[in-house]
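Below you'll find the structure, written out as structure tokens, and then a few comments.
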Amino acid sequence: MAINILEKRALMGAVAFVMLSLALTAYATWGLGINVASCIPLGTKPFEEASVVKHDGNIYEVHYVTRMWAFEPNVLRVPTGSTLDIYAMSKDVTHGLEIAGTNVNLMVVPGAVASGRVRFNKPGIYSMVCHEFCGKGHENMNARIEVVDGLNDFAVEGLPSSPGMKLMDSKGCLACHSIDGSAGVGPTFKGAWGSTVKMTDGSTRKLDEGFFSDMVQHPTVYSVDGFAPVMPEIQLSADEMKQMEDYLKELKK
Amino acid sequence: MELQKNLRVIILAELLVPLTLFIFGAYHGVLQAMYQAGVIRATKFAGIDYYQGLTAHGVINAIVLTTFFAVALGYATVSQELKSPLSISGALISMVLMLGGSVMAAVMIFMGKASVLYTFYPPLMAHPLFYLGLAVFIVGSWIPLWTWIPVYLRWRKEHPGRKTPMGVVGMFTTFIVWQMCTLPVAFEVLVQLLPWSLGWTPGVNIMLSRTLFWFFGHPLVYFWLLPTYMMYYTMLPKLAGGKLFSDFAGRFTFMAFILLSCPLGLHHQFADPGITTTSKGIQTVLTLFVAIPSLLTAFTLAASLELGGRNRGGQGLFGWWKKLPYFEGERWLFPYLFCGLIIFLFGGITGIVNASYSMNNVIHNTSWLPAHFHLTLGGPVFLGILGGSLFMITGLLKRPVVSTTMAMIVPYMWMIGTFIFSSGLFLNGLRGAPRRTNMGMTYLNPASPSYRPDWWLGANMGMIGGCIMGLACVLFFTVLIRSLLAAPDPALANVPFALPMSEPYHDENMPAVRNFTPWVTVAVLLCVAAYYVPIRDIVKNGEITKPGFTPDNPAAVQTVH
């Protein structure tokens, strides 16, 4: 028995629908020039540090570093009408990089470089969101791009500047300890130096050279009240210890 | 013919154990909606961390519940339709492995050693027992198909020229797809992740593991759907009072799923680096072709419902709609299948958005995704599982369904809940809100510098919808528990348990859709064609990354577990 004529028509309709979808997809891709994440060949050596480079024609090449749980740079200010060429690498796990309200939507996979391009025609504050689960601080991982009228040049915040900050960044400290007073997995470093810290056992200690050195070397022994005892041991030379202390003192201001 | 006694016990265990676990899955689903809206503004609630609970919600609801149901329904269908006893030892070994694997993974999740979500992307690292549990579970789920095949071959020899019963076609399709797609993920878990988590290997090729995962991850979606499709093609027309409009449509649909389920996982990786746009494009084309069996199904089922409505006295162009058994106690299963079908219309349409290549840029990994799959997995699949489980449990125990009225409220309430929930999450997805994120802490927290007031509406719709869905689950478990406690109905004692199976209305004879072998062969060739180039590139050039990370610590894992 042959296929029922209505069934046959339904089948033809389904095929026509798929063809139409494919044609529209092809039009969006080639006609409108909206492609998916392009392919930086695997094996390309990822960059190690975040940076912004200005090119001719209001184009900015931005190298984002992603890590648990922050984007570097954290705030990027560019003039209205700028085009951003975005490259992103991960220092640890897989992250997402989405600029809400744009077509930039990337997976940042360790060992590979993700890239996308976006032009900002309207001034405003654009959220950059990590949209792949990257650990318990995932919901804290976001950054901003501020598009401002009448700006001549770009400006960034959240890039490591002093040697102490660079060191803290490279050792992973800043993933848990904020430098701006905001909450994190560990206590914030802002204004911490010289302050009195309450411990889980009810005792108190002043954050000075002695406590700092104890905490770095035996983090599981000294647990601070209100925070999970998850800090790993960190190997530091005396020089490095000094650099970090200087930076913490700087943050006291 | 009555099912073998031991098989009945195994089927009951395979339905009741995952449903018990699902109580936690549902509980935490409601909590997630509250976390997202900022009603719970914390990293943990009642001893369970947000991401720990989210991992359990995903693993229990999407993997454990769905797979056990498919196995249980498969045993009942194959045995009933081929009128043959099936291997009890095979069923028992399969069940023990699957239960053992589930328990291993669940214990690790509840101990907080595996909060890596159900996608478990490395270099996030879970406890080795979590990976081992998953592997044991998967291996256990392979066994049923291989014990059914000899029974089926013998049936074909004894019934030359007879069509394979539609239910058997549906369940074999389900497990053929499962067998094909779980091989890569078993490789990922056993060869890549397990030795790595034990510290035996220095690292894994992250892009390879992602690609192997999604080779599995998308066919998994069809594995969820296929048992429900089987119920749609066999039970729904009969419950509606009619016949299946076209026998060909059912067979063609199942064969098309064998062909197209696997070679299209890359559409989950449109945003990934390291895979060429050509490879992504090829799999886009293959993905969109899946719309053909789905649209054909929509037509055929609507036509079958029309036959039912007209048989029941409905007249005119739309009059038959009024005659369907929307709320009839003795056909309480109908609304479960019907509501699932209505929800699925919207799940299918939004799925085409996800699959449409460049359109994915707008919604990739946003809350659009959970909105979509709560209309597929959370719609037809879940309602099929609830209705099917209640039908089989009460039927096998010869008990009445206590309060069919309450049982019938469940699917309607669930449908309303999912529509509100998903509308909110769709809205937020289009506005860029991320999925899998404890949004109440930052994005939905007015005190946070990251506060996004424009995400408030969607998140709160999600919460209201989620609570309605939770309430529907409470009603379902009330019915289930009351039915379990009820005394067996003496009137049912001598009636053998039987799944309702429709007759075909148009019984076309198309030899091309009556044999699995050519479809499986071409499917394997398509997989090789679609995946050879991307996997070769990834193996050749992908970096073997350094150590793993546990979700609670930005410093790499130093010591072996």
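Only loop residues by DSSP count here, and only those with at most 16 other Cβ atoms within 10 Å; note down the trypsin sites (Lys or Arg not before Pro) in the range A:161-207 that meet that. Display every interim value, and only then the final one.
Numbers: sites: A:K166, A:K171, A:K190, A:K198, A:R205, A:K206; in loops: A:K171, A:K190.
Here the trypsin sites (Lys or Arg not before Pro) that fit, given the DSSP loop and packing criteria, are A:K190.
Per the Kirkwood definition applied to all pairs of different Cα atoms, how many angstroms is the hydrodynamic radius of the range B:74-141? Let's see the in-between values first.
Numbers: mean 1/r = 0.0748 Å⁻¹.
About 13.4 Å for the range B:74-141.
Hey, which lysines would be in cross-link range of A:K171, C-alpha to C-alpha under 20 Å, not counting anything within fewer than 8 residues on its own chain?
Hits, sequence-local ones excluded: A:K91, A:K136, A:K190, A:K242, A:K249, B:K546.
If you line up the long axis of helix B:291-311 against the longest principal axis of chain B, both from Cα atoms, how many degrees apart are they, to the nearest 10?
Around 30 degrees separate the two axes.
What Kirkwood Rh does chain B have if only Cα atoms enter the pairwise 1/r average? Answer in Å. Walk me through the numbers before you get to the answer.
On the way: mean 1/r = 0.0412 Å⁻¹.
The answer is 24.3 Å.
List, in the order given, every pair from B:K83/B:K163; B:K280/B:K540; A:K45/B:K280; B:K157/B:K238; A:K8/B:K280 whose Cα-Cα distance in the structure shown is over 25 Å.
Details: B:K83/B:K163 14 Å; B:K280/B:K540 18 Å; A:K45/B:K280 23 Å; B:K157/B:K238 29 Å; A:K8/B:K280 31 Å.
Long pairs (Cα-Cα over 25 Å): B:K157/B:K238; A:K8/B:K280.
Of the listed peptides B:512-519, B:281-288, what is their order by residue-averaged count of other C-beta atoms within 10 Å, with the highest listed first? Show your work: numbers first, answer last.
Values: B:512-519: 14.8, B:281-288: 21.5.
Taking the mean over residues of other Cβ atoms within 10 Å, the ranking is B:281-288, B:512-519.
Averaged over its residues, how many other protein chain Cβ atoms are within 10 Å of peptide B:283-292's Cβ atoms? Display every interim value, and only then the final one.
Values: counts 0, 6, 5, 0, 2, 7, 5, 1, 5, 6.
Across the residues of B:283-292, the mean count of other-chain Cβ atoms within 10 Å is 4.
Which value, in nm² and rounded to one decimal, describes the direction-averaged projected area of the C-alpha convex hull of chain A?
Numbers: hull surface 86.9 nm².
Its average projected convex-hull area is 21.7 nm².
Could you give the length gained on full extension between B:V539 and B:D454, defined as 0.36 nm per residue of separation minus the Cα-Cα distance, in nm?
Working: separation 85, 0.36 × 85 = 30.60 nm, distance 4.28 nm.
Roughly 26.3 nm would be gained on extension.
Quick one: Karplus J couplings for the range A:13-23, per residue in order, coefficients 6.51, -1.76, 1.60, θ = phi - 60°, nearest Hz, x for Gly and Pro?
Ordered by residue, 3J(HN,Hα) equals x, 5, 4, 4, 4, 5, 4, 4, 4, 5, 5 Hz.
Rounded to the nearest 5, what % of DSSP beta bridges with both residues in chain A are antiparallel?
Working: 33 of 46 bridges.
In chain A, approximately 70 percent of DSSP beta bridges are antiparallel ones.
Would you list B:W200, B:W321 from fewest to most Cβ contacts within 10 Å?
Details: B:W200 10, B:W321 13.
Result, fewest neighbours first: B:W200, B:W321.
Given labels modelled 7 Å from the Cα in the Cβ direction, how far is it in nm from B:T478 to B:V495?
2.6 nm
Of the chymotrypsin sites (Phe, Trp or Tyr not before Pro) in the range B:323-411, which ones lie in a loop per DSSP and count no more than 16 other C-beta atoms within 10 Å? All intermediate terms of the calculation are to be shown ahead of the outcome.
On the way: sites: B:Y326, B:F327, B:W332, B:Y336, B:F338, B:F344, B:F346, B:Y357, B:W368, B:F373, B:F382, B:F391; in loops: B:Y326, B:F327, B:W332.
Those that pass, being in a loop and sparsely packed, are B:Y326, B:F327.
Taking amide H positions as placed 1.01 Å from N in the peptide plane, with prolines and chain starts having none, which residues 5 or more places from B:L244, or on another chain, fall under 5 Å of its amide H?
Those lying under 5 Å, H to H, from B:L244 are B:E503, B:Y505.
On a 0 to 90° scale, report how tilted helix B:516-541 is relative to the longest principal axis of chain B, with both axes built from alpha carbons and the result rounded to the nearest 10.
Computed tilt is about 0 degrees.
Determine the distance separating the Cα centre of the range A:187-253 from the Cα centre of the range B:319-393; give it in Å without decimals.
Here the two parts' Cα centres lie 53 Å apart.
Quote the convex hull volume per residue of the protein assembly as shown, based on C-alpha atoms, as a whole number of Å³.
Working: hull volume 136.0 nm³, N = 814.
Value for the protein assembly as shown: 167 Å³ per residue.
From other protein chains only, count the Cβ atoms within 10 Å of every residue's Cβ in B:363-373, then give the mean.
The per-residue average across the peptide is 3.
Place the peptides B:292-305, B:475-488 in order of packing, highest mean first, counting for every residue the other Cβ atoms within 10 Å and averaging per peptide.
My ranking of the peptides, most packed first, is B:292-305, B:475-488.
Treating only the Cβ of Lys, Arg, Asp and Glu as charged (+1, +1, -1, -1), what charge dipole size does chain B show about its Cα centre? Round to the nearest 20 debye.
Working: 32 positive and 19 negative charges, 74 e Å.
Charge dipole of chain B: 360 debye, to the nearest 20.
Compute the longest continuous run of chain A that contains no exposed GluC sites (Glu not before Pro); treat a site as exposed when its DSSP state is not H, G, I, E or B and it has at most 16 other Cβ atoms within 10 Å.
Values: sites that count: A:E48, A:E49, A:E233.
Longest site-free region, per DSSP loop and neighbour criteria: A:50-232.
Taking +1 at the Cβ of each Lys and Arg and -1 at the Cβ of each Asp and Glu, which of B:V539, B:G250, B:S448 sits farthest along the dipole of chain B towards its positive end, judged by Cα position relative to the Cα centre?
Selected residue: B:G250.
Once you have a ≥ b ≥ c as the square roots of the Cα gyration tensor eigenvalues for the range A:163-250, tell me rounded if a/c is under 1.5, and otherwise prolate or oblate according to whether a/b is larger than b/c. Before the final figure, lay out each step's value.
Numbers: a/c = 1.41, a/b = 1.31, b/c = 1.08.
Because its axes are fairly even, with a/c under 1.5, the range A:163-250 counts as rounded.
Expressed as a rounded percentage, what relative contact order does the range B:174-276 have, with Cα pairs under 8 Å and six or more residues apart? Mind showing how you got there, number by number?
On the way: 74 pairs, mean separation 40.5, N = 103.
With pairs under 8 Å counted, the relative contact order is 39 percent.
Let me confirm one metric for peptide A:125-131, namely the mean number of other chain beta-carbon atoms within 10 Å of its residues' beta-carbons.
Numbers: counts 0, 1, 8, 1, 10, 3, 12.
Neighbouring Cβ atoms belonging to other protein chains average 5 per residue here.
Working out 0.36 nm times the residue gap between B:R514 and B:K398, then minus their Cα-Cα distance, what length gain in nm do you get to one decimal?
Values: separation 116, 0.36 × 116 = 41.76 nm, distance 3.52 nm.
That pair, B:R514 and B:K398, stretches by 38.2 nm at full extension.
Taking the beta-carbon count within 10 Å as an exposure proxy, list B:D507, B:D537 from fewest neighbours to most. Walk me through the intermediate numbers first.
Details: B:D507 13, B:D537 20.
Ascending Cβ contact count within 10 Å gives the list B:D507, B:D537.
Taking Cα pairs under 8 Å and at least six residues apart, what relative contact order does chain B come out at, in percent? The partial results should precede the final answer.
Numbers: 910 pairs, mean separation 116.6, N = 561.
Relative CO of chain B lands at 21 percent.
Determine, at each q value in 0.10 (inverse angstroms), the log₁₀ of I(q)/I(0) that the Debye formula gives when each Cα of the range B:1-149 is one equal point scatterer.
The computed values of log10 I(q)/I(0) come out as -0.40.
Report the local net charge at B:G314: Lys and Arg +1, Asp and Glu -1, summed over other residues whose C-beta lies under 14 Å from its C-beta. Provide the component values of the computation, followed by the final result.
Values: positive: B:R310, B:R312, B:K322, B:K323; negative: B:E306.
Once positives and negatives cancel, what remains is +3.
None of the figures in this text is laboratory data; all of them are computed from the coordinates on show. Small disclaimer: the values here were computed from a predicted structure and weren't measured. Cβ: placed from backbone, ideal geometry, glycine included. Neighbour counts: every protein chain shown.
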